[in-house]
Amino acid sequence: MLTKEEVVKISQLARIQLTDAEVEKFQKQLSTVLDYVEELKKVDTNGLEEVSQVTGLVNVQREDRIEVADNHEQILSQAPEIKDGYYKVKAIL
Amino acid sequence: MDFAFLTLTELREKLDKKEVSSVELTKYFLERIKNLDKDYNSFVTVTEEEALKNAKDADDFISSPGENPFLCGIPYAAKDLFCTKGIRTTASSKILDNYIPPYDSTVIKKLKDQKSVLLGKTNLDQFAHGSSTETSAYGPSKNPWDKNRIPGGSSGGSSAAVGTGLSPWALATETGGSIRQPSSLCGISGWKPTYGRVSRYGIIAMGSSLDSPGAMAYSVEDLAHLAEIMSGRDERDSTTGHAPVEEYAKKISADLHGVKIGIPKEYFVEGMEEGVRHRVMEAVKELKKAGAEIVDVSLPNTKYGSLVYAIVAPSEISSNLGRYDGIRYGHTVANGKDLMEVYTKSRAEGFGDEAKRRIMTGTYVLSAGYYDAYYKKAQKVRRLIVNEFAEVFKQVDVLVCPSTPNVAPKLGKAADDPLFGYIADQLNIPGALAGLPALSIPCGFARPSDGETPSMDGLPVGLQIIGPQFGEQKIFNVGFAYQQLTDWHRKHPQI
């Protein structure tokens with residue numbers, strides 16, 4: 001079973017703030033999922049290559065060309081805060 | 001006139017013969033949604049104004065000389081995971097409650113080019129995480145055959161809308177069962193394409209190595225038409241396949257002489273309802289009548305499918321859902337004191353439990369020290385599953401089995417069971433991991449094992465037909481042959 005500290009650490013990495021009650025709930029539920037997949041560790045996978053692209057495509061390229069995008073305003077209109085045509089965020093430093 | 005439950009082929013004929021106009025048809029379905037959907041909750045957003053305007057445009061086009069595109073003037077519904085320019089797209093989540101996409105997904109654009117008419121956006125499990133629509137931020141959708149039961153998920157709003165006759169067809173997406181399972185539980189026909197057959201561009205991402213946009217309708221013939229329209233390479237999705245798109249509907253054939261159908265024994269799992277097994281075996285007999293040769297096959301790695309999925313899907317989810325930061329779009333916290341707090345609180349408020357659970361599972365299994373043991377290991381076992389299917393398709397043309405182990409369960413079963421979906425979708429997940437195309441089509445009714453249902457006949461059972469990668473024509477032929485011999489696909493609930 002995962003410890004509470006591990007759950008808090010994961011939530012920090014995932015950038016999701018949890019309440020104490022949530023930490024307790026997810027401690028149980030995440031452990032259930034991890035127990036569920038435990039059996040995979042016993043499968044013999046010697047010499048097998050991982051699946052990364054299932055239909056076998058490799059390095060699909062396209063021509064690098066410029067297209068006009070005239071939807072800046074629509075895109076920015078979705079942001080909670082903008083200033084002078086930029087996204088506005090809290091001070092970082 | 002009654003237009004509910006007519007196939008697209010039938011509607012096309014009525015529109016071409018001017019027996020009905022697109023505006024009349026659109027008004028008919030909008031009215032039906034208004035009257036019935038309060039009980040089924042299949043739509044998150046109904047786009048009445050745009051629909052009537054587009055229907056008018058379609059009628060103008062139909063009146064002008066020349067051939068009409070197959071979907072011209074025909075209404076449809078889209079899972080609220082497809083970005084629609086200027087129309088709210090929520091993924092049934094709080095974090096995207098107010099999101100208005102500045103662009104159309106490729107599939108939506110193709111349907112616009114056909115002059116089809118969008119009725120609205122359908123409910124789903126939040127971010128498509130779930131198999132019941134119960135994780136939706138807007139409440140669950142209901143099964144058309146029994147309102148106390150789930151319509152399946154994640155595309156449960158789409159299956160409920162089509163199953164209730166609120167829309168002649170609907171767009172859906174599948175990552176690991178989300179088209180086949182709800183189609184099966186609602187008694188309609190669903191197509192899960194080969195991975196990369198249909199562009200993912202503009203569809204809110206869940207598991208990028210698995211996500212496959214597809215369709216739900218009343219017949220396999222309709223699905224073959226839709227597949228022709230929706231499929232193809234897209235420069236904006238580099239994972240779309242290079243295989244040419246065939247004329248699936250034109251080439252469809254009900255003659256199964258020379259076709260070998262494999263029956264995988266591992267898909268008749270322990271705990272499967274007896275009625276489901278029985279109906280599927282009856283269906284196999286019908287396929288034999290159509291000329292197919294039936295062969296018993298074995299896929300012993302099937303049991304690992306859900307386990308691999310329980311690692312791979314959350315990993316890709318944790319990566320894809322990293323973009324919801326409360327800064328560029330979507331929900332943001334009212335008073336974050338610094339940037340980190342804007343992230344952590346916006347995400348805490350905006351995501352539901354299932355999304356949080358999957359993001360954190362993925363974050364854990366991808367984190368330093370665990371990556372090899374979980375993610376890498378899972379992707380290797382996935383290779384075993386891919387290889388096993390490739391081997392079996394050397395012996396047979398398609399596989400036939402049940403779509404789900406049971407008919408629609410009651411509402412409430414999925415809540416707080418972190419493993420519900422992995423078990424509900426165990427017969428769909430292995431094929432999804434291998435990128436295979438598949439259908440679920442109705443093959444009769446069975447009594448549920450978890451109590452009574454007011455539906456006289458019982459609840460729908462789904463027949464699953466799985467093909468090799470890009471083998472869409474093969475699954476359409478087998479499904480079409482079955483629907484020529486039976487009329488289960490023309491049975492609809494009394495509403």
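The values are calculated or read from the model by the stated rules, or taken from the named source; none is laboratory data. Note that the coordinates shown come from a computational prediction; the quantities given were computed from them, not determined experimentally. We place every Cβ from the backbone using ideal geometry, glycine too, and count neighbours over all the protein chains shown. All accessible areas refer to the heavy atoms of the entire protein, side chains included, with ligands and DNA or RNA removed. Shrake-Rupley method; radii C 1.70, N 1.55, O 1.52, S 1.80 Å.
Values for this structure:
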{"quantity": "Filtered residues of segment B:342-355 (kept if more than 25 Å from the chain's Cα centre (by Cα) and more than 8 Å from chain A (Cβ to nearest Cβ))", "calculated": "B:Ser346, B:Glu349"}
{"quantity": "Extreme residue, nearest to B:Val308 (Cα to Cα), among residues of segment B:188-213 that are open to solvent by less than 10 Å² (accessible area, probe 1.4 Å) and away from every other protein chain (no Cβ under 14 Å)", "calculated": "B:Met206"}
{"quantity": "Listing of helices (runs of 4 or more DSSP H) fully contained in segment B:167-280 that carry 2 or more residues being of a type outside the set (Gly, Ala, Ser), under 30 Å from B:Gly291 (Cβ atoms) and in contact with a strand residue (DSSP E or B) (Cβ under 8 Å, 6 or more places away or on another chain)", "calculated": "B:180-186, B:220-230"}
{"quantity": "Residues located in segment B:107-122, provided they are of a type outside the set (A, V, I, L, M) and crowded, with 24+ Cβ neighbours inside 10 Å", "calculated": "B:Ser116, B:Gly120, B:Lys121, B:Thr122"}
{"quantity": "Selection count where residues are in contact with a helix residue (DSSP H, G or I) (Cβ under 7 Å, 6 or more places away or on another chain), open to solvent by less than 30 Å² (accessible area, probe 1.4 Å) and without any contact (Cβ under 8 Å) to a residue 24 or more places away in the chain, scope segment B:328-355", "calculated": "2"}
{"quantity": "Restricting segment A:20-51 to residues that are among the polar types (S, T, N, Q) and more than 8 Å from chain B (Cβ to nearest Cβ), the residue that is most open to solvent (accessible area, probe 1.4 Å)", "calculated": "A:Asn46"}
{"quantity": "The lone exception for B:Ser367 - which of (1) open to solvent by 20 Å² or more (accessible area, probe 1.4 Å); (2) away from chain A (no Cβ under 14 Å) it fails", "calculated": "(2)"}
{"quantity": "B:Ile95 vs. criteria among the hydrophobic types (A, V, I, L, M, F, W, C), open to solvent by 30 Å² or more (accessible area, probe 1.4 Å) and closer than 26 Å to B:Arg347 by Cβ", "calculated": "no"}
{"quantity": "Residues of segment A:61-71 satisfying the condition of being over 23 Å from B:His242 (Cβ atoms) and facing another protein chain (nearest Cβ under 9 Å)", "calculated": "A:Asn71"}
{"quantity": "Every residue from segment B:391-404 that is open to solvent by 10 Å² or more (accessible area, probe 1.4 Å) and touching a residue at least 24 places away in the same chain (Cβ under 8 Å)", "calculated": "B:Phe393, B:Gln395, B:Asp397"}
{"quantity": "Qualifying residue in segment B:474-482 (condition: open to solvent by 10 Å² or more (accessible area, probe 1.4 Å) and not in a helix (DSSP H, G or I))", "calculated": "no"}
{"quantity": "Hey, B:Phe29 crowded, with 22+ Cβ neighbours inside 10 Å and either within 25 Å of the chain's Cα centre (by Cα) or not polar (S, T, N, Q) (or both) or not", "calculated": "yes"}
{"quantity": "Residue that is surrounded by the fewest Cβ atoms within 10 Å (Cβ to Cβ), among those in segment A:52-89 that are more than 19 Å from B:Leu433 (Cβ to Cβ) and of a type in the set (Ser, Thr, Tyr)", "calculated": "A:Tyr86"}
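Residues checked against (1) open to solvent by less than 10 Å² (accessible area, probe 1.4 Å); (2) within 12 Å of chain A (Cβ to nearest Cβ); (3) touching a strand residue (DSSP E or B) at 6+ places or on another chain (Cβ under 9 Å):
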residue	(1), (2), (3)
B:Ala424	no, no, no
B:Ile429	yes, no, no
B:Cys443	yes, no, yes
B:Gly451	no, no, yes
B:Ser455	no, no, yes
B:Gly462	yes, no, yes
